[in-house]
DNA sequence: GTGAAAGCGCTAACAC
DNA sequence: GTGTTAGCGCTTTCAC
C-alpha cells in the first residue's frame, strides 16, 4: 500500500507538503504541487481515510440509521441524503437498526465509533428518553420522521394531521358523505395523527359519523378490513380512507374480487404515495410523504451544525395530495 | 471523549491490558478483567473504530456498492448481506455508484479508502477490463449480478437463460402456442439472456415464430409496447412474456384500459418477482431472482477470503418460477 | 498476566 | 513555501 511518506520520498518533499496538496489547505508552489500530483498519479495513491479521520478528528462522513434497508421509503431517504453530502464531497455511512431498540442502539454505536461527524436517525424503537440522552451526549443529530418534544429542533417530521385533513377535504370536495376508514394501528403516533386530522376535518364540515376498522398497515390487513367492512355493511359508504397505501391496495384487491368497481362504486384515498400506488388499477389517489423535504431539511441541519453552513431549516413538513384515479366525483 | 488510556488510568492497568479485554485476545486475570469492564461501563466507553482499524490494519467492515439506494432489489441485497456480517459482529459500509462509471469508481475508492476488508460490488457501468484490473489490485472482491469471465470465481450471477426457459416451459405447459414478447433493452446482457433462454425453449418444442417488441424495462415502456402489440395484431397471441415485472405491469395496465381481461383473454408472465408483482390484479406469475442466494454466496465468498472461513459457494444461481394468477391454462 | 513502547497513515502546529 | 515533529486512539510485539 502506498502511503503519504512514499509519495513524499519520491517527490523529494516532506510529508507536510504532500498533505497540503491533498487537502488544498495551506500554500504550495505550483512546481512542487505538480510534481507531487504526478507521483501520486503514478503510484495510484489513495489517501487513507481512516488515518485522515483519526488525525483530524473529523471523518467528513455522516451516519444514517434506518430501521431497515428494504422498502422504497428508506431507500429514497438514503438516496436523497447521500445526494446532498456527495455534492460537497462527503460521504454517508448507513446502518440498519433491524430488530428493536437493541439493534438501533448497536447501529448508532457503530456509527459513533466510526467518528461520524453527524447522525441522521430514523428510529422507531428507542424511547424518547433515550433519544434525549443521546442528543445531550452527541448534539450533531437529526431525527427523522419523529417528534421528540425536548429536542424538537433536531426533529424533522411530517404533519400527519394536515395529511389527514387533506384526504378528508378531497373526499368532501367530491361530495362523499358516507365514508369508511381503514386506519393504521392506533398504537402508532402517525396512524393516530392521520386519522384525527381526517376526522377533525370531517367534523368541521358537520359530518359526525363514520365507520372505521383498525388495520396494521399491511396489505393483508387492508384486504381483511375491507372484507369486514363489506360483509356487515348496513352502513352504505361511498368512499374509503386508508391509513396507508399498502392497506389501500389490499382493499382494492379485495374489492376487485368482490366485483366492486373503483372508483365507480366506491372511491378510495390512500396515504404515503408509495411506488405501489402508481402501479395499481385504477391508480391510487393518495397523500404524499415529503421524503425529499425531510431528507433535505435533516441534511441541512447537519450541514449547519457540523460544517459551518447556515441554511434555514423547517422542522414540520407538510404532505401533499396526489390526485390520481381512485376518487370519483359524485 | 473517553479513550483507552482514560480507562487504563482509572482501572490502574496498562493500555495493553484494556486492549486485551476489549478484544478478548490474550489472557487477562478474571479480577483485572472485571475491574476494567466496570470502569468501561461507568464511563460509557466506546472503543474508537477508526483508531482500531488504523492500528490493526483491519476494519472488520466490508464495503457494498450498489448502483442506487432506491428500488426493492438493492435494498434486499444490502439487507441480506448485512444480516450475514452483523451476525459475526462485523459491519457493512454502503455507497451508491449513482451516475455512471465515474460514480462507481468514486464509490469504490471511497470504500477502499476506509480500509474495507472486502468489497461486494454491483457494478453496471464499469468496463470488464477495469473490473479485472481492480480485482488484481484488490482481490477481496465479489461481483454481484454480473459475469466477468477472467475473474469468474469472484462473480455471483443469475442464470437468466434458465429463467427464460422456465417462463417458456410454463406457457408451453398451459398450452399457449402463439406468444408475444416484450423484451428488455437488447443492449443489456441480462435482457438478451432472458430472451434467448425463452426462445431456445420454444424452439426445442417446435415453436418457431413469435412476435416481439423491445422495451426499456420501465413501466411506461411496458404500456407502450403493449399498445403497439395490440394495435397491429394481425397475429393473434394468447400469451405475453415480459422481460421484467415493471413492463409486465405496464402491459397489464394498458390491457385493463383496453378492456382485455388477464388471464381470461391473454396470459402474462413477468420476470423478477418484484414487490409490485404481488400487488397487481391479477397477481403476476413471474420468475424470481434469487437475491438471497446471491447475497449469501457473495457474502460467504468474502467471509472465506477475508475472515478465514471455508464455506462452499456457488457462482451461477438459478431463478425460480413463481406461480400466481396471470397465466390461464388453455 | 501485565506494562511499556513502537508504530498504523495521516494532520496540524511550528519552526525556518 | 517547506520540512520536522508531535500526536490522533488503538493494537501488538516484547520484555518482565
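Points worth noting:
- Simple spin-label estimate for residue A:15 and residue B:169 in nanometres, 7 Å along Cα-Cβ: 6.2
- Computed P(r) (all Cα pairs; chain A; 10 Å bins; percent): 6, 22, 24, 18, 14, 7, 6, 3, 0
- Angle in degrees between helix A:291-307 and the longest Cα principal axis of chain A, rounded to the nearest 10: 30
- Considering only B:90, B:112, B:204, the mean-square fluctuation computed in a Gaussian network model of chain B, springs between alpha carbons under 10 angstrom, is largest for B:204.
- When chain A is treated as a GNM with alpha-carbon contacts under 10 Å, the residue of A:157, A:122, A:110 showing the greatest mean-square fluctuation is A:110.
- DSSP beta bridges fully contained in the protein assembly as shown are about 10 percent antiparallel.
- Put the Cα centre of the range B:143-160 next to the Cα centre of the range A:99-126 and the gap is 34 Å.
- Relative contact order, percent, chain B [alpha-carbon distance under 8 Å, six or more residues apart]: 16
- Square roots of 5 times each gyration tensor eigenvalue, C-alpha, the range B:4-47, largest first, Å: 14, 10, 10
- Diffusion constant of the protein assembly as shown at 10 °C, which comes from Stokes-Einstein with the Kirkwood Cα-pair radius and 1.306 mPa s, µm²/s: 57
- Label 7 Å beyond Cα on the Cβ vector: residue A:206 copy-to-copy distances, nm: 7.5
- Residue order, fewest to most surrounding Cβ atoms within 10 angstrom, among A:227, A:53, B:27, B:56: B:27, B:56, A:227, A:53
- Acute angle (nearest 10 degrees) that the helix B:100-113 long axis makes with the longest principal axis of chain B, alpha-carbon atoms: 20
- Counting from the shortest, the label point at residue A:310, 7 Å from Cα toward Cβ, is 6.4 nm from the same position in each remaining copy.
- Given in Å, the Rg to one decimal and the Dmax to the nearest whole number for the Cα atoms of the range B:1-146 are 19.4, 58.
- Across the range A:66-187, Cα-Cα pairs more than 16 Å apart make up 69 percent of the total.
- Most mobile of B:188, B:31, B:283 in a GNM of chain B (Cα contacts under 10 Å): B:31
- Across the range B:218-257, no residue has a backbone nitrogen under 15 Å from the label position 7 Å along the beta-carbon direction of residue B:208.
- Sorted shortest first, the distances from the residue B:16 label point to those of the same residue in the other copies are 3.4 nm; each point sits 7 Å from Cα along Cα-to-Cβ.
- Projected over all directions and averaged, the alpha-carbon convex hull of the range B:160-289 occupies 6.8 nm².
- Take every DSSP beta bridge whose two residues both sit in chain B; close to 10 percent of them are antiparallel.
- Axis angle, to the nearest 10 degrees, between helix B:72-87 and the longest C-alpha principal axis of chain B: 30 degrees.
- Percentage relative contact order, the range B:1-128, counting C-alpha pairs under 8 Å, at least six apart: 24
- For the range B:172-200 and the range A:284-323, distance of Cα centres in Å: 43
- Adding -39500 (n - 2.57) for every DSSP H run of four residues or longer, then dividing by how many residues the protein assembly as shown holds, sets the calculated 222 nm ellipticity at -14500 deg cm²/dmol.
- Model label zone, residue A:233; criterion: amide N under 13 Å from point 7 Å along Cα-to-beta-carbon; scope the range A:249-292: A:251-268
- The mean sequence separation of alpha-carbon pairs under 8 Å and at least six residues apart, normalised by the residue count of the range B:209-299, gives a relative contact order of 25 percent.
Read-outs throughout are calculated quantities, based only on the coordinates presented, and are distinct from any laboratory measurement. Since the structure is predicted, the reported quantities are computational estimates derived from the model, not experimental observations. Every residue, glycine among them, receives a Cβ derived from its backbone with ideal geometry; neighbour counts consider all protein chains shown.
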